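For reference, the structure discussed in these notes is given below.
The values are calculated or read from the model by the stated rules, or taken from the named source; none is laboratory data. For clarity, every value in this text was computed on a predicted model and none was experimentally measured. Positions of Cβ are generated from backbone atoms using ideal geometry, with glycine treated the same way; all protein chains shown enter the neighbour counts.
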Amino acid sequence: MSKRIAFIGGGNMTSAIVSGLIKQGLPTELIDVVEPLAEARDKLQASFGITAHPQAGDFLLDAPLLVWAVKPQTFKEAALAAAPHVLGGLHLSVAAGIRSDSIAAWLGTERVVRAMPNTPALIGQGITGLFARASVTANDKAFVEQVIATTGESLWMEVEDQLDVVTALSGSGPAYVFYFMEAMIMAGTEMGLSREQVHQLAVATFTGASALAKTSGDSPQVLRQRVTSKGGTTFAAISSMEDNDVRALFIDAIYAARERARELGDEFGAA
């Protein structure tokens, strides 16, 4: 890690990537962040010792990679403000929904990569879907992979629309896990265990099941069937979910997330 990297936006994803880059040996003097909120700038500077700027400027010209970590509704405004200062750079966007056509038009460049990370990136265990426009070179892709590797795993999509699916699955996915954890904690406390006990049981269950699914050569369906003996406790639980169409409702929810990702691109993208 020896190339200057600039971030537009100073939120959680910027913090996750910056933390990973520093752990991988990138000197703090090679990291710049543009963040209009003074409180957020102060936090970044105190946490990482990097330079945080209130607005875009010519210092961005020295960055071969610019990471766009802004909200979809503010992307266009931020891009147009930075465009005169980012000529020639490679652009990596982690904004949900905003399509690369819009980003390329606003910035006046075809060297655009879109990424859809998720919040486990904050602890280096994220998964990120990536899509590159045709003008992005193999070296550009390798650079992006090196940066994203500081937050966890990644995989490339061949078609940009697939990123909306990634958004619905893994981008929003941690919230689904936490939602089920909430339900488990609520049920466990209602049944008489302490909140601390139920929290430990729920978290360990998801952690262990995920690790088993990752290391096993069997599908999740097979793994589920192995612990669902007919007439047993797990069978009773799964049967209750099936009777209440939980699977179908969950699938509908994922479709809803994908549709919202598409709407964000339509709503906040270039006209």
Does T150 satisfy being free of Cβ contacts under 8 Å to residues at least 24 places away in the same chain and either over 30 Å from A138 (Cα atoms) or among the polar types (S, T, N, Q) (or both)?
no
Right, S135: assigned by TED's automatic domain parsing to the domain that holds T74, part of a loop (DSSP other than H, G, I, E, B), of a type in the set (S, T, Y) and over 17 Å from the mean Cα position of the chain (by Cα) or not?
yes
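Scan the stretch 67-101 residue by residue and report those that are among the polar types (S, T, N, Q) and in a helix (DSSP H, G or I).
Result: Q73, T74, S100.
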In the stretch 186-195, is there at least one residue being touching a Ser or Thr at 6+ places or on another chain (Cβ under 6 Å) and not assigned by TED's automatic domain parsing to the domain that holds Q125?
yes
Can you tell me which residue is surrounded by the most Cβ atoms within 10 Å (Cβ to Cβ) among those in the stretch 38-49 that are over 22 Å from the mean Cα position of the chain (by Cα) and touching a residue at least 12 places away in the same chain (Cβ under 8 Å)?
G49
Return yes when A204 is outside the structural domain of H85 (by TED's automatic domain parsing), out of contact with any strand residue (DSSP E or B) (no Cβ under 8 Å at 6 or more places or on another chain) and either hydrophobic (A, V, I, L, M, F, W, C) or not in a helix (DSSP H, G or I) (or both) and no when it is not.
yes
Which members of the stretch 122-164 meet the condition of being at positive phi and crowded, with 17+ Cβ neighbours inside 10 Å?
G152
Mind counting the residues in the stretch 138-166 that are in contact with a Lys or Arg (Cβ under 7 Å, 6 or more places away or on another chain), under 28 Å from I251 (Cβ atoms) and not hydrophobic (A, V, I, L, M, F, W, C)?
2
Matching residues in the stretch 110-119 - criterion: being at pLDDT 95 or above and either part of a helix (DSSP H, G or I) or surrounded by fewer than 23 Cβ atoms within 10 Å (Cβ to Cβ) (or both)
E110, R111
Could you check, for the stretch 19-39, whether at least one of its residues is on the phi > 0 side of the Ramachandran plot and touching a helix residue (DSSP H, G or I) at 6+ places or on another chain (Cβ under 7 Å)?
no
Go through the stretch 1-42 and give me each residue that's of a type outside the set (A, V, I, L, M, F, W, C), over 17 Å from G124 (Cα atoms) and assigned to a helix (DSSP H, G or I).
T28, E29, E39, R41, D42
Name the residues in the stretch 181-208 that are within 17 Å of P120 (Cβ to Cβ) and without any contact (Cβ under 8 Å) to a residue 12 or more places away in the chain, would you?
A204, T207, G208
